[in-house]
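Everything on this sheet refers to the single structure shown next.
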Amino acid sequence: MTWLRARVQFATLDEVLLARGTSTSTPRCVVTFDDGYRDALVATRLGVPVTVFAVAAHTGDASEPLWFDRYYDVLHRARRRDGVSLCELSLKGTARAPSIDEDLRWWVRGPLKEHLQTLHDTERTHALDALAKALDVDGCTTASELYLTRSELRELSLAGHVVGGHGETHTRLTQLDDHALSQELLASQALLDEVAPARMRLFCYPDGAHDARVDEAKRRAGFVAACTVETGAFVGTTNTFAIPRMLMRDVLPGDSRWPLELASLPSLFDTETPR
């Protein structure tokens, strides 16, 4: 955030949409946070305006976290971190899964995560319970420790930040029938009615999943723009219902994790990198 502050004009997403078509000598930068995590407060304490996409049923007031947050918590707390068979993970095969510490990518993006994604809520809860037992996990992180509460989301909106919708349960919208899709969007609107009634209605697709049917349902629900998980910059020709973004990490240019797409914006490199 410090590096960017010297090079960009921070703005909320609604400000950028309203100013579309106007030119500026300094690139505008929108800082977004998906899922309503509490780490958005780190940016606000630095005076950076943020756009937060909150999940209606999983704010800090909820009884439990989103399923994938519980999954990541299980991996973090696992005391048995190696020697687990695929069979114990309800996967096909007799081989052993990679060590959590040596191949975390397999656990985060591999077949087990995809398998959990396909389960219904009750089945997934039982699977996560079984996984926690197999990995010898003690304790869990609560929703209030992970996410902003509705009261905090309302305070952010009143302070000039933006709160947008991210579905009711963070289910991929393309997997839902028309009725369930409508319910996800209506729940998002109800949350925004409560915490940000006077702001532009913005949305972010859970896992970036959307198609023509989802886009039309979103328009009918009253949303005027939406973000994806595709990588890219927002330009004059960008579809406002498919706004790309760039995943940022706590690194500076020269680090291998720095977004290569930022190299196409030479104006970002006009001033000295802060130390």
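Side notes on the structure shown:
Residues checked against (1) in the same structural domain as Leu17 (by TED's automatic domain parsing); (2) surrounded by fewer than 17 Cβ atoms within 10 Å (Cβ to Cβ):
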site	(1), (2)
Ala130	no, yes
Leu148	yes, no
Glu168	yes, no
Arg172	yes, yes
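- Taken as a whole, the condition of being assigned to a helix (DSSP H, G or I) and among the basic types (Lys, Arg) does not apply to Arg249.
- Reported count of residues in the stretch 204-218, each being surrounded by fewer than 21 Cβ atoms within 10 Å (Cβ to Cβ) and among the aromatic types (Phe, Trp, Tyr), is 0.
- Residue in the stretch 53-61 that is touching an Asp or Glu at 6+ places or on another chain (Cβ under 6 Å) and among the aromatic types (Phe, Trp, Tyr) present: yes
- Enumeration of residues in the stretch 116-151 that are over 16 Å from Phe68 (Cα atoms), within 24 Å of the chain's Cα centre (by Cα) and modelled with pLDDT under 95: none
- Selected residue (criterion: surrounded by the most Cβ atoms within 10 Å (Cβ to Cβ)) from residues of the stretch 32-73 that are among the β-branched types (Val, Ile, Thr) and within 12 Å of the chain's Cα centre (by Cα): Val52
- Scanning the stretch 79-98 turns up no residue that is under 24 Å from the mean Cα position of the chain (by Cα), loosely packed, with under 15 Cβ neighbours inside 10 Å and at pLDDT 95 or above.
- Taking the criterion of being at positive phi and part of a helix (DSSP H, G or I), the residues of the stretch 174-226 that qualify are Asp207, Gly208.
The values are calculated or read from the model by the stated rules, or taken from the named source; none is laboratory data. Predicted model, so just to flag it, every value in this text is computed and none were measured. Ideal geometry is used to build each Cβ from the backbone, glycine not excepted, and the neighbour counts take in all protein chains shown.
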